[in-house]
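Read through the structure below, which is laid out as structure tokens, and then see the notes.
The values are calculated or read from the model by the stated rules, or taken from the named source; none is laboratory data. Computed from a predicted structure; not experimentally measured. Please note: Cβ atoms are built from the backbone with ideal geometry, for glycine as well, and neighbour counts cover all protein chains shown. The protein model used for the area step is the full one, side chains on, heavy atoms only, and it has no ligands, DNA or RNA in it. Shrake-Rupley method; radii C 1.70, N 1.55, O 1.52, S 1.80 Å.
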Amino acid sequence: MSLDVSPKLLAEAEHGDIREADFVDTVRTSLPYAYDLIAGLVTELNDGTREFTDNQTPPPSEQERGQLLRALASDAIRGSLERHFGVALAFQNCHRVAAFRPAALEGETYARFTSVRAQVLNQSTEFRDC
């Protein structure tokens, strides 16, 4: 799954740097499920006091799962979303993405969520082919 890059943005990239806001808008329109899921997690995080919020609901289809995997597997996309929303993202399996407050990155909760133990405990045979 590729991003739907406008001819204007492509031309700008061919001639130099582009505005990150324009890139994030391309991500928003190209990967709407992933963008909306992360935006929702950020809203939930900002509305509460928890160190993080996470999604544990599988995507409704493989297309949406592909969007989420694409967004989180690309350093450029993931980093842009983190900067845009002011969070750190963590990812465990085919759909468990979490939004952390930046201050939580040095804490025990983030270390536990991103640990190899947590990765092993969050595995399931249903996720083998995702």
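Checking each residue in the stretch 95-115 for being over 19 Å from TYR35 (Cα atoms) and not in a helix (DSSP H, G or I) picks out GLY107, THR114, SER115.
If I filter the stretch 81-111 down to residues being modelled with pLDDT of 85 or more and of a type in the set (Phe, Trp, Tyr), which single residue comes out as least open to solvent (accessible area, probe 1.4 Å)? Among residues in the stretch 81-111 that are modelled with pLDDT of 85 or more and of a type in the set (Phe, Trp, Tyr), the one least open to solvent (accessible area, probe 1.4 Å) is PHE100. Taking every residue in the stretch 69-93 that is farther than 12 Å from VAL42 by Cβ and pairing it with any residue that is crowded, with 18+ Cβ neighbours inside 10 Å and of a type in the set (Lys, Arg), at least 6 positions away or on another chain, the pairs with Cβ-Cβ distances below 6 Å are LEU72/ARG78. Restricting to the stretch 12-25, and then to whatever is of a type in the set (Asp, Glu) and touching a helix residue (DSSP H, G or I) at 6+ places or on another chain (Cβ under 7 Å), can you tell me which residue is nearest to ALA98 (Cα to Cα)? Out of the qualifying residues, it is GLU20. It is to be established whether one or more residues within the stretch 57-79 are open to solvent by 20 Å² or more (accessible area, probe 1.4 Å), within 25 Å of GLU20 (Cβ to Cβ), at pLDDT 95 or above and in contact with a Lys or Arg (Cβ under 9 Å, 6 or more places away or on another chain). No, the conditions are met nowhere in the stretch 57-79. For the stretch 26-44, filtering for residues that are crowded, with 17+ Cβ neighbours inside 10 Å, of a type outside the set (A, V, I, L, M) and farther than 15 Å from VAL97 by Cα leaves 2. For the stretch 39-78, residues that are part of a helix (DSSP H, G or I) and touching an Asp or Glu at 6+ places or on another chain (Cβ under 9 Å) total 2.
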